[in-house]
Amino acid sequence: MSRIAPLEPPYAPEIQDQFDRIMRGAPPLTLFRVMAGNARAWEKFRAGSLLDRGPLSLREREIVIDRTCALTGCEYEWGVHVATFADAAHLTTEQVRATVLGGADASCWSESERALIGAVDALHHRARLTDAEFAALSAHYDDARIFEIILLCGFYRTVSYLANGLDLPLEEKAARFPKASSERIQ
């Protein structure tokens, strides 16, 4: 059980409308139900405006989110994203595993994806990019996409803090972190 109790249905009409927009008809995630119980936190969370598509492709966006969540040890959000978006983002089982267990130089990634993952790793570990890391990223991504990459890293680090700090129970249909063995991700 979460350290802060999630809202239970029936939800206030404005909250239900917000859940419907975000979840597109699916039941709201525990994270959203917990956040919506605190009006200020929920408003700030939604005001981050990073729940939309933005300038990155779905694949690029999911690589950033999955890697950020993996680095923060946030199985909750990583699992939700893998279960919901990995297929649509055309992430292979090997690539999904690599977001948790592989380095930026893993052979399953393209050159641009290696630069992307290297940037996520650098931001996570040092909160900055070296000139060489920025140049590698700039070789593949324009300014708008670089802003989005950095913003997504920060936003999903915050989401990870929320999910981990509140000890949210894993969603039933979410993926689980792979083990270091050759176990297949579900």
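The values are calculated or read from the model by the stated rules, or taken from the named source; none is laboratory data. The structure presented is a predicted model; accordingly, all values stated were derived computationally and were not measured. Every residue, glycine as well, gets a Cβ built from its backbone with ideal geometry; the counts of neighbours run over all protein chains shown.
Beta carbons closer than 9 Å, at least 6 apart along the sequence or on distinct chains, pair a first residue in region 154-176 that is in contact (Cβ under 8 Å) with a residue 12 or more places away in the chain with a second that is in a helix (DSSP H, G or I) and exposed (fewer than 15 other Cβ atoms within 10 Å of the Cβ) for Leu162/Ala41. Specify the residue that is modelled with the lowest pLDDT; the eligible residues are those in region 44-74 that are of a type in the set (D, E, K, R) and surrounded by 13 or more Cβ atoms within 10 Å (Cβ to Cβ). Here the answer is Arg46. Being buried (at least 20 other Cβ atoms within 10 Å of the Cβ) and free of Cβ contacts under 8 Å to residues at least 12 places away in the same chain is true of Ala98.
Output the residues belonging to region 28-54 that are of a type in the set (Ser, Thr, Tyr) and not in a helix (DSSP H, G or I).
Correct list: Ser49 only.
Condition check for Asp20 on (1) without any contact (Cβ under 8 Å) to a residue 40 or more places away in the chain; (2) part of a helix (DSSP H, G or I); (3) closer than 18 Å to Val159 by Cβ; (4) among the charged types (D, E, K, R): one failure, at (3). Note on region 82-95: among residues that are touching a residue at least 40 places away in the same chain (Cβ under 8 Å) and not polar (S, T, N, Q), the one that is surrounded by the fewest Cβ atoms within 10 Å (Cβ to Cβ) is Ala83.
Just one residue in the set Ala70, Ala83 is touching a Lys or Arg at 6+ places or on another chain (Cβ under 6 Å), aliphatic (A, V, I, L, M) and in a helix (DSSP H, G or I); that residue is Ala83.
Against the definition (under 12 Å from the mean Cα position of the chain (by Cα), over 21 Å from Asn164 (Cα atoms), at pLDDT 95 or above and aliphatic (A, V, I, L, M)), how does Ala86 come out, yes or no? For Ala86, the condition - under 12 Å from the mean Cα position of the chain (by Cα), over 21 Å from Asn164 (Cα atoms), at pLDDT 95 or above and aliphatic (A, V, I, L, M) - is met.
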